[in-house]
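What follows draws every value from the coordinates through simple rules; no lab data is involved. On a predicted model such as this, the values are computed, not experimentally measured, just so you know. No Cβ is skipped: glycine too gets one built from the backbone with ideal geometry, and neighbour counts run over all protein chains shown.
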Amino acid sequence: MVDEQSRTLPTELGEVRIAEEVVSIIAGLAATDIEGVASMSGGIAGGIAEVLGRRNLSKGIKVEVGTEEAKIDIFIIVEYGARIPDVAWDIQEGVKNTVENMTGLKVPYVNVHVQGVHFPQREEEAAEEDEEPAEVEETGESKE
């Protein structure tokens, strides 16, 4: 019986099966290597996994694996200031090449869905967080 969510490669010695989760992880790692990608957008399930302390390497990736190809959708958050068409193109090329090279599957398309923009922390806010708290006397009262 063949698993619906994997690709089977017949060889002389037997079969090699590639699960959708494996393709998702490969695509996710390739996408996060692209400059301008702040993070993957994983929705509620990805958020729950992070709260529980588990890093989901396939977060923000939807994959459909067929017998000879894998169709990929990627959901990302871009860095503020990054040129979105360039980031998307780099993701499409990088993910397509990486998945094809590692799995032997053809990737007819990689759809990139930009879900948000990550804004860097403002310098003023960072300075406020770095300030030391007011000194406290032994009586417990603040001296200012």
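Quick notes on this structure:
- Stretching Ala19 away from His113 to a fully extended chain increases their span by 31.5 nm, per 0.36 nm per residue minus the current alpha-carbon distance.
- Burial order of peptide ranges 103-116, 86-99 (average beta-carbon count within 10 Å, highest first): 86-99, 103-116
- The ranking of Ser24, Ser41, Ser58 from fewest to most other beta carbons within 10 Å of each one's beta carbon is Ser41, Ser58, Ser24.
- Hz values of 3J(HN,Hα) by residue in the stretch 27-36 - Karplus curve (6.51, -1.76, 1.60), Gly and Pro given as x: 5, x, 5, 5, 5, 6, 6, 7, 5, x
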